[in-house]
Amino acid sequence: MMKPLKNNRFIQALARKPVDATPIWLMRQAGRYLPEYRELRASAGDFLALCKNPKLACEVTMQPIRRFELDAAILFSDILTIPDAMGLGLHFVKDEGPRFHKKIDSKIAVDELSVPDMRESLSYVYEAIECIQVELAGEVPLIGFSGSPWTLATYMVEGQASKDFRHIKRFLYQEPEAMHQLLDKLAISVTEYLYQQILSGVHAVQIFDTWGGILSTPIYQEFSLNYMSKIIRGLHEKLGQSCVPIIIFTKNGHQWLELMLESSADCVGVDWSISMENVKKRVAGRVAIQGNLDPAILYADNTTIEKAVVELLDQFGEAPGHIFNLGHGMLRDVDPEKVDFLVKTVHKHSQS
Ligand code: 1CP
């Protein structure tokens, strides 16, 4: 049984119910822009050591919550823990990002890929969730997350971050059946992973589809959205009424807003390449909306930040169902003072 939350704005807004002020959390609210994060990461050795140690992951999750008046915490982990659990050998190369020892570059590799027992192989994540719940003591809700099958597949096929995604696109167009087989395995894994996170106590989940926006419309539908919908259906089937709200976020995906609404997600995240006014009109109150400030605005002075916040809040208007966020992750060299100002400004200008 979940304890009642002291600050319930985020959950209320997800249900499109009235709130006393617009809730705000920030993608990558924990991380390198915080000196206490850099210190802890240095003492732990590296980023993966932080993720895999439940106590440290818990501590990193709490860092932004202690500093700022955020309305939700997000589990500190990474989307790439799933391919790691599948045996691909995740490691991080300094200043270059994630790498895998093994790539999924053929139908045979897909055939050989096993769907691990998500409960066992990612138990460190659920332990972190339990630890975070104790630390949070019901102050604010906790968000769990996963990558979308498509976004996970990009890293597994490319073997690392990519700019042109040529390997995965070649694979998709040359071996569409094998691509579907890979995405199916990932959808099964993600469903089970999010299910376990929910059982461990997260109050909402977000599916990060960072790379869905590189696709054409029919390919996005068939290879990305389709699998996010499958995950949502799976969670609804497994959990029924006790399923938590589900947020989907396709970076650069606003052209498909209407299609996303068919996924049964409770909330759609948008980046800053579309105006909130346009999103609001098209969504027309059917789901909650999360977003969509350009993360780079945190490099500006406070007057500029305040003006952008007021503009965004005005564009959304009085109706319920807005969760304030950046349109993508926090940049690594933002001044934490600016984040404090942003959070306070959102609350100040949205208080009812
Ligand atoms: O300390 C470090 O140097 C590691 C930097 C870092 C951090 C802080 C990585 C490596 N991951 C994270 C944390 C993280 N990643 C969170 C924590 C929760 C939060 O505070 O929001 C989350 C939700 C993620 C999810 C994630 N990882 C995504 C989806 C969201 C997004 O930002 O698009 C993706 C694509 C990743 C892969 C990844 N992990 C790390 C890096 C540098 C990358 C991106 C690689 C690339 O450029 O493609």
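Within the stretch 135-183, count every residue that is of a type in the set (A, V, I, L, M, F, W, C), within 21 Å of residue 194 (Cβ to Cβ) and away from the ligand (no atom under 14 Å from the Cβ).
3
Looking across the stretch 92-112, the residues that are within 11 Å of the ligand (Cβ to nearest atom) and in contact with a strand residue (DSSP E or B) (Cβ under 7 Å, 6 or more places away or on another chain) come down to 92, 93, 97, 98, 99. Quick check on residue 126: is it of a type in the set (Phe, Trp, Tyr), surrounded by 16 or more Cβ atoms within 10 Å (Cβ to Cβ), out of contact with any strand residue (DSSP E or B) (no Cβ under 8 Å at 6 or more places or on another chain) and not in a loop (DSSP other than H, G, I, E, B)? Yes, satisfied. Quick one: in the stretch 20-39, which of the residues that are aliphatic (A, V, I, L, M) and more than 10 Å from the ligand (Cβ to nearest atom) is surrounded by the fewest Cβ atoms within 10 Å (Cβ to Cβ)? That would be 21. Could you please let me know if residue 187 is touching a residue at least 12 places away in the same chain (Cβ under 8 Å), small (Gly, Ala, Ser), more than 14 Å from the ligand (Cβ to nearest atom) and touching a Pro at 6+ places or on another chain (Cβ under 6 Å)? Yes: the conditions hold for residue 187. The single condition among (1) more than 10 Å from the ligand (Cβ to nearest atom); (2) hydrophobic (A, V, I, L, M, F, W, C); (3) within 25 Å of residue 148 (Cα to Cα); (4) touching a residue at least 60 places away in the same chain (Cβ under 8 Å) that residue 79 does not satisfy is (1). Figure legend. Inter-residue proximity from the stretch 138-150: first residues more than 14 Å from residue 8 (Cβ to Cβ) and modelled with pLDDT of 95 or more, second residues polar (S, T, N, Q) and assigned to a loop (DSSP other than H, G, I, E, B), beta-carbon distance below 9 Å, spacing 6+ or different chains. Indicated pairs: 144/77; 145/77; 147/210; 148/210. Determine if the stretch 113-122 includes at least one residue that is within 13 Å of the ligand (Cβ to nearest atom) and either surrounded by fewer than 16 Cβ atoms within 10 Å (Cβ to Cβ) or modelled with pLDDT of 95 or more (or both). Scanning the stretch 113-122 turns up no residue that is within 13 Å of the ligand (Cβ to nearest atom) and either surrounded by fewer than 16 Cβ atoms within 10 Å (Cβ to Cβ) or modelled with pLDDT of 95 or more (or both).
Among residues of the stretch 14-36 that are closer than 19 Å to residue 266 by Cβ and among the hydrophobic types (A, V, I, L, M, F, W, C), those with a Cβ under 7 angstrom from a residue that is at pLDDT 95 or above and assigned to a helix (DSSP H, G or I), sequence gap 6+ or separate chain, pair up as 19/9; 19/12; 19/13; 24/343; 24/346; 25/10.
The values are calculated or read from the model by the stated rules, or taken from the named source; none is laboratory data. Predicted model, so just to flag it, every value in this text is computed and none were measured. Cβ sites come from the backbone with ideal geometry, for glycine too, and all protein chains shown count toward neighbours.
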